[in-house]
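Peer 1: Here it is: the structure, laid out below.
The values are calculated or read from the model by the stated rules, or taken from the named source; none is laboratory data. Worth saying up front: this structure is predicted, and the values here are computed from it rather than measured. Cβ atoms come from the backbone with ideal geometry, glycine included; neighbour counts cover every protein chain shown. To get the accessible areas, we keep the full protein, side chains included, count just its heavy atoms, and leave off ligands, DNA and RNA. Shrake-Rupley method; radii C 1.70, N 1.55, O 1.52, S 1.80 Å.
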Amino acid sequence: MEDGAVFKQNINRRHTASEKWDQADKLFGGNDLLPLWVADMDFAVPKAVTQALTERVRHGVYGYTFRTETYLNAVRKWMSERHDWTVDTKWICHSPGVVTALNLIIDALTKPGDKLLIQPPVYPPFSKTAKNQQRDLVLNPLVYQNGRYHIDFDDLKNKLSDPAVKLMLLCSPHNPVGRVWEKQELLRIATLARENHVLVVADEIHSDLVLPGHRHLPFASIAPDDYWIVCMAPSKTFNLAGLQMSTIFIANPELREKYQKQLQRFSLAEPNTLGLTAAEAAFLHGSEWLDQCLVTIQRNAEYVSNYLKSECPSLVMTPLEGTYLAWIDCRRLGLSDSGLKRMLVEDAHLALNPGVTFGSEGSGFVRMNLACPLSTIRQAMNQLHKAVDQLHQRKAIRK
Ligand SMILES: Cc1ncc(COP(=O)(O)O)c(C=O)c1O
């Protein structure tokens, strides 16, 4: 049995080589910043994961490892139970990380000069991987209308009809805007991609982190053919990012063979021993923990949204449907992106992701990680409130 106390506990992560906690001051140029940036959680993992790891560590021998039938069946069971998606275990390919997989996929399945379509504001490695590999980017920016993000389908239709566009990177659910795409939206993407023979690579790493009232649909479960690749991982779901295990689903045998060759080429086909143990335990026994985690994320999201409405109305959080990342519109503060970052770091002592790092479409926004105890969220909100008050006072004096 999991107990909810794990989501209230303040675990000191400093001096654990935590990127989030130990690198924030250096990366953001601040001092004693409260870090709510990079997407990992401050929560301890499910008990079953710790138990499985402890037993494995006690064994004391950590040689080369392969993905066992038990692991592959655990993945299949999870997809069936959580997403009502039937997968064949032979579709399940390995990658240490999803970003690694995106790099391998782009390298293996497109050529320099091919165009890749992304929907900014979006997770920065989408554009970085394309640029690293000399692929041209085509943008289908999301449209922010009436407080919710939408896909501009006319623009998407137009851009996908360019024969040089070979691949679309779909972020589903979407980081950072928090949308969980609906069936009709996914169907329209699938239809347009099929008409134009564009490979859809759906990054569904946030697929398990969906709040009540919304449902994640794996792109593969609604696509009319097998011209897709779906990237998932236990890393976001169960806070296992440091253990480097991802699950890349490829049903099309030709695409799968090309991907597997690429994995072999860079000697990436074998999993991390502890990553495998943790992922298997999480998929088999992590359901209850995840349900409690989602309750915490929803409560934290409501807290932030309500707090901003009542105490800092110049900041507006967009509705969170999925992920644990709040996307906050700060444009009414009237600051430049560098001014906003300066205020957050120097006055609020917070490390939050500047929206502009997700593309120019994110200018004036910030992303805030909600996967931490409510006490941390409260502290962050108090610090933010004080900084915003100071800003308003400074502006009033200048008038
Ligand atoms: C959409 C998305 N894809 C991929 C990743 C990172 O995946 P990995 O650490 O497995 O490379 C993240 C992490 O925040 C993400 O939000």
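A quick yes/no check of all residues on (1) closer than 25 Å to residue 283 by Cα; (2) touching a Phe, Trp or Tyr at 6+ places or on another chain (Cβ under 7 Å); (3) away from the ligand (no atom under 14 Å from the Cβ):
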{"site": "37", "(1), (2), (3)": "no, no, no"}
{"site": "75", "(1), (2), (3)": "yes, yes, yes"}
{"site": "91", "(1), (2), (3)": "yes, yes, yes"}
{"site": "121", "(1), (2), (3)": "no, yes, no"}
{"site": "126", "(1), (2), (3)": "no, no, no"}
{"site": "135", "(1), (2), (3)": "no, no, yes"}
{"site": "139", "(1), (2), (3)": "no, no, yes"}
{"site": "148", "(1), (2), (3)": "no, no, yes"}
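Peer 1: OK, next. Return yes when residue 141 is open to solvent by 40 Å² or more (accessible area, probe 1.4 Å), under 14 Å from residue 171 (Cβ atoms) and assigned by TED's automatic domain parsing to the domain that holds residue 68 and no when it is not.
Peer 2: The answer is yes for residue 141.
Peer 1: Here is a follow-up. Is it the case, given these coordinates, that residue 152 is open to solvent by 40 Å² or more (accessible area, probe 1.4 Å) and either within 13 Å of residue 201 (Cβ to Cβ) or not assigned by TED's automatic domain parsing to the domain that holds residue 184 (or both)?
Peer 2: no
Peer 1: Consider region 108-132. How many of its residues are more than 22 Å from the chain's Cα centre (by Cα) and either open to solvent by 50 Å² or more (accessible area, probe 1.4 Å) or of a type in the set (S, T, N, Q) (or both)?
Peer 2: Total meeting the criteria: 4.
Peer 1: What are the residues in region 257-312 that are aromatic (Phe, Trp, Tyr) and surrounded by 14 or more Cβ atoms within 10 Å (Cβ to Cβ), if any? Steps first, answer last, please.
Peer 2: Here is the first cut: in region 257-312, the ones aromatic (Phe, Trp, Tyr) are 259, 266, 283, 289, 303, 307.
Passing the criteria: 259, 283, 289, 303, 307.
Peer 1: May I pose another question? (1) in contact (Cβ under 8 Å) with a residue 60 or more places away in the chain; (2) touching a strand residue (DSSP E or B) at 6+ places or on another chain (Cβ under 8 Å); (3) of a type outside the set (Lys, Arg); (4) within 16 Å of the ligand (Cβ to nearest atom): which one isn't true of residue 238, the others all being true?
Peer 2: Answer for residue 238: the failing condition is (2).
Peer 1: Can you tell which of 233, 220 is among the aliphatic types (A, V, I, L, M), more than 15 Å from the ligand (Cβ to nearest atom) and out of contact with any Lys or Arg (no Cβ under 8 Å at 6 or more places or on another chain)?
Peer 2: Going through 233, 220 in turn, the sole match is 220.
Peer 1: Given 325, 263, 276, 268, which one is at pLDDT 95 or above and either within 22 Å of residue 9 (Cβ to Cβ) or not assigned by TED's automatic domain parsing to the domain that holds residue 211 (or both)?
Peer 2: 325
Peer 1: Sticking with this structure for a sec: Looking at region 158-210 only, could you name the residues that are of a type outside the set (Asp, Glu), open to solvent by 10 Å² or more (accessible area, probe 1.4 Å) and within 17 Å of the chain's Cα centre (by Cα)?
Peer 2: Answer for region 158-210, where residues must be of a type outside the set (Asp, Glu), open to solvent by 10 Å² or more (accessible area, probe 1.4 Å) and within 17 Å of the chain's Cα centre (by Cα): 205, 210.
Peer 1: What is the residue count in region 315-343 for residues that are farther than 20 Å from residue 124 by Cα, among the hydrophobic types (A, V, I, L, M, F, W, C) and touching a residue at least 60 places away in the same chain (Cβ under 8 Å)?
Peer 2: 2
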